[in-house]
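**Q** Below: one structure in C-alpha cells.
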C-alpha cells in the first residue's frame, strides 16, 4: 500500500506534463495556422491559455476542424 502514493503523485505529474504539452501544441497551431482576419486568432489564443483544461479541447474539437475545412491547414 505504501508504494501507491508515489505512483499516484507520479501519475498526476505525467498528466500535468501531457496537458501542458497539449496547451503548447494548441497555442502554436493557432498562432501558425489561424488566418489573420480580425481578432479571432488572439481571442482563440487567450481562450486556450486562460480557460484551463476546456480551452485547448474546445479549440481542438470545434475550431480546428472548421479551420482545416475552410482554409485547408
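**Q** Please go through segment 29-40 and give me each residue that is part of a helix (DSSP H, G or I) and more than 19 Å from residue 54 (Cβ to Cβ), ordered by number. Can you show your working first?
**A** If we filter segment 29-40 for residues that are part of a helix (DSSP H, G or I), which is where we start, we get 29-33, 40.
Matches in segment 29-40: 31, 32, 33.
**Q** Just to be sure I understand, how many residues within segment 58-73 are surrounded by 14 or more Cβ atoms within 10 Å (Cβ to Cβ) and either in contact (Cβ under 8 Å) with a residue 12 or more places away in the chain or not in a helix (DSSP H, G or I) (or both)?
**A** So in segment 58-73, the residues surrounded by 14 or more Cβ atoms within 10 Å (Cβ to Cβ) come out as 58-60, 63-64, 67.
Pick out the ones that are also either in contact (Cβ under 8 Å) with a residue 12 or more places away in the chain or not in a helix (DSSP H, G or I) (or both) and you get 59-60, 63-64, 67.
Selection size over segment 58-73: 5.
**Q** Something else about it: Going through segment 34-57 one residue at a time, which ones are touching a helix residue (DSSP H, G or I) at 6+ places or on another chain (Cβ under 7 Å), surrounded by 13 or more Cβ atoms within 10 Å (Cβ to Cβ) and more than 17 Å from residue 21 (Cβ to Cβ)?
**A** 34, 41, 44, 47
**Q** While we're on this one: Would you point out which residue out of 24, 12 is farther than 30 Å from residue 66 by Cβ, out of contact with any strand residue (DSSP E or B) (no Cβ under 9 Å at 6 or more places or on another chain) and surrounded by 10 or more Cβ atoms within 10 Å (Cβ to Cβ)? Show your work before the answer.
**A** Values: 24 fails: farther than 30 Å from residue 66 by Cβ.
Only one candidate qualifies: 12.
**Q** Pairs needed: first member in segment 32-50, without any contact (Cβ under 8 Å) to a residue 40 or more places away in the chain; second member anywhere, part of a loop (DSSP other than H, G, I, E, B) and surrounded by 13 or more Cβ atoms within 10 Å (Cβ to Cβ); C-beta distance under 8 Å; at least 6 residues apart or different chains.
**A** Final answer for the pair search is 40/34; 41/34; 44/34.
**Q** Cβ-Cβ distance below 8 Å, separation of 6 or more or different chains: which pairs start in segment 8-25 with a residue that is farther than 20 Å from residue 47 by Cβ and end on one that is in a helix (DSSP H, G or I) and at pLDDT 95 or above?
**A** No pair meets every condition.
The values are calculated or read from the model by the stated rules, or taken from the named source; none is laboratory data. Everything quoted here is computed from the prediction, not taken from an experiment. Neighbour counts are summed over all protein chains in view; Cβ atoms, including those assigned to glycine, are modelled from backbone coordinates with ideal geometry.
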